[in-house]
Amino acid sequence: MLMSNWKVTHLKPNTEKKFSQYCRLYDIPCYIPMRKTTRTYQRRKHDVELPVFPGYAFVCYGENKRLEILKSNLIVKVIEPFKPRLFLRELIMVRRALRVDPTLKSAPVLKEGQLVRIISGPFMGTEGVVQRVSRKMRVLLNISIIGQALQVETNQDTVELI
């Protein structure tokens, strides 16, 4: 298979494993990064695998298999990568990272100017705007009525997007 044939498929909710089985049935290479986690059901712990990127699957196919993929009736949208080589490198990096630590979770990409909420630590519950993104992130807590802000430094893993 050519590296330019890898595409991203946005799937219907909770159909990643079913789509993977469908691709296996029609001999279509498919990669869905899975992470391991423990869930508790009726006071019993069970190890389960969940998709790292819920709702997405990475599929390698040519025009001859396009119709087979669409017949699955599980696809919402097919996304063609703008830079196929870079996309393939990113997929390889994800696969390597999951081999090292199979419990990794996805996280949103934080950019300057985004509104975030601090979810742990002494500033828990505080909302602000990202000013600088680095290991120690700078978040501005605005008091808009007086046009002033307070600057707080926190770790990236302690904030969530609003």
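Where does each of Y41, Y22 land when they are ranked from fewest to most other beta-carbon atoms within 10 angstrom?
In order of increasing Cβ crowding within 10 Å: Y41, Y22.
For the stretch 3-100, report the % of Cα-Cα distances exceeding 15 Å.
64
Would you please give the residues with an amide H less than 5 Å from that of Q114, counting only those at least 5 places away or on a separate chain, with H modeled from the backbone geometry?
V130
So what are the ³J(HN,Hα) numbers for the stretch 119-124, from phi and the Karplus equation (6.51, -1.76, 1.60; θ = phi - 60°), rounded to whole Hz, Gly and Pro as x?
Those phi angles translate into 9, 7, x, x, 9, 3 Hz.
Cβ under 12 Å from Q131's Cβ, Q131 left aside: what net charge do those residues give with Lys, Arg +1 and Asp, Glu -1?
It works out to a net charge of +2.
For the chain, what does the relative contact order come out to in percent, with C-alpha contacts under 8 Å and a separation of six or more?
Working: 259 pairs, mean separation 33.5, N = 162.
About 21 percent, as a whole number.
What ranking of T158, T103 emerges when the number of other C-beta atoms within 10 Å of each C-beta is taken as an exposure proxy, fewest first?
Going from least to most buried by this count: T103, T158.
What is the local net charge at P81, summed over the other residues whose Cβ is closer than 14 Å to its Cβ (Lys, Arg +1; Asp, Glu -1)?
Working: positive: K7, K77, K83, R85, R89; negative: E80, E90.
Taking every other residue near P81 into account, the sum is +3.
Using a simple charge model, +1 on the beta-carbon of Lys and Arg, -1 on the beta-carbon of Asp and Glu, nothing else, what dipole does the chain show about its Cα centre, in debye to the nearest 20?
Here the size comes out at about 460 debye.
Based on the Cβ-Cβ distance of E90 and Q42, what FRET efficiency does E = 1/(1 + (r/R0)^6) give at R0 = 41 Å, to the nearest 0.05?
Given R0 = 41 Å and the Cβ-Cβ separation, E is 0.55.
Starting from the amide H of L11, placed 1.01 Å from N in the peptide plane, find each other amide H under 5 Å away whose residue is 5 or more places distant or on another chain.
When sequence neighbours closer than 5 places are left aside, the close amide H contacts are Y56, A57, V76.
Tell me which of I32, V48, N64 sits at the most positive position along the dipole axis of the stretch 29-82, charges placed on C-beta atoms (Lys, Arg +1; Asp, Glu -1).
Of I32, V48, N64, it is V48.
Test of understanding: ordering E16, E160 by Cβ neighbours within 10 Å, fewest first, what list do you get?
On the way: E16 24, E160 13.
Ascending number of Cβ neighbours within 10 Å: E160, E16.
Only the coordinates and a few stated rules stand behind these numbers; no lab work does. Because the structure is a prediction, the values reported are computed rather than measured. Here Cβ is always computed from backbone atoms with ideal geometry, including for glycine, and neighbour counts include all displayed protein chains.
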